[in-house]
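The values are calculated or read from the model by the stated rules, or taken from the named source; none is laboratory data. Because the structure is a prediction, the values reported are computed rather than measured. A quick note on method: Cβ atoms are made from the backbone with ideal geometry, for glycine too, and the neighbour counts reach across all protein chains shown. Surface areas here come from the heavy atoms of the whole protein model, side chains and all, with no ligands, DNA or RNA. Shrake-Rupley method; radii C 1.70, N 1.55, O 1.52, S 1.80 Å.
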Amino acid sequence: MKAFVEHANITVTNLERTIHFLQTAMPDFQIRHQGKNTKRWCHLGTEDSYLALQEPEPEHVQTCQREAYNDLGLNHVGFVVDNINEVSQRLIAAGFRNDDEVMDETYRKRCYVFDQDGIEWEFVEYVVTEPSLKNSYEEA
């Protein structure tokens, strides 16, 4: 078996808002399980992989002063989607801002979108099936 990323655990300020954002982009993402111990949490994704989302402990609620790409920590999470233009249009219609327009490259199309917490999410549509081309960063 090849190793793969099963899940990532991300703390967000508002579970419902993040679920709405992700399901707007990827309607096939379903709540696998959710609950509350000292904080609310949710596993959202497919049967193969998911995001473990949680709100912070109530006494630790604060805003993050982290600057993506300059400070240590997560910069973005990337998802492969079937149709990047549909994803982008759904997110824009729901009021989310694109960092850039859809980038149309030789072997892939990409866009980056920020959610309400300032977390950047990348969406990628591959236009080829050959792994060596999917992973090629040279433009033809």
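To the nearest 10 degrees, how steeply does helix 84-93 sit against the main Cα axis of the chain, on a 0 to 90 scale? So the helix axis and the longest Cα principal axis differ by about 40 degrees.
With a 1.4 Å probe and every protein chain kept in, tell me what percent of the accessible surface of the chain is carbon plus sulfur.
Values: 4430 of 9050 Å².
Roughly 49 percent of what the probe reaches on the chain is carbon or sulfur.
Can you tell me which of 116-126, 4-14 comes out highest on packing, and rank the rest after it, using the mean Cβ neighbours within 10 Å? Each step should come with its number before you reach the end.
Numbers: 116-126: 17.5, 4-14: 13.1.
Going by the mean number of other Cβ atoms within 10 Å, highest first, we get 116-126, 4-14.
For CYS111, the residues whose amide H sits under 5 Å from its own are MET103, PHE123, ignoring neighbours fewer than 5 places away on the same chain, with H placed 1.01 Å from N. The residues of the chain present an accessible area of 65 Å² per residue when probed at 1.4 Å with all protein chains retained. Each residue of segment 126-135 is assigned a 3J(HN,Hα), and the resulting list reads 8, 9, 10, 10, 5, x, 5, 7, 4, 9 Hz, derived from the Karplus form 6.51 cos²θ - 1.76 cosθ + 1.60 (θ = phi - 60°), x at Gly and Pro.
Helical content of the chain, expressed as a calculated mean residue ellipticity at 222 nm, amounts to -5000 deg cm²/dmol (DSSP H runs of 4 or more residues, -39,500 (n - 2.57) each, divided by residue number, nearest 500). Here's the picture: a label point sits 7 Å out from the Cα of LEU74 along the beta-carbon direction, and within segment 2-28 the residues with their amide nitrogen under 19 Å of it are 4-28. Scanning residues 5 or more positions from TYR50 or on other chains, those with amide H under 5 Å from its amide H are HIS7, ALA8, with H placed 1.01 Å from N in the peptide plane.
Applied to segment 6-15, the Karplus parametrisation 6.51 cos²θ - 1.76 cosθ + 1.60 on θ = phi - 60° returns per-residue 3J(HN,Hα) values of 7, 7, 10, 9, 10, 8, 10, 6, 9, 4 Hz, with x for Gly and Pro.
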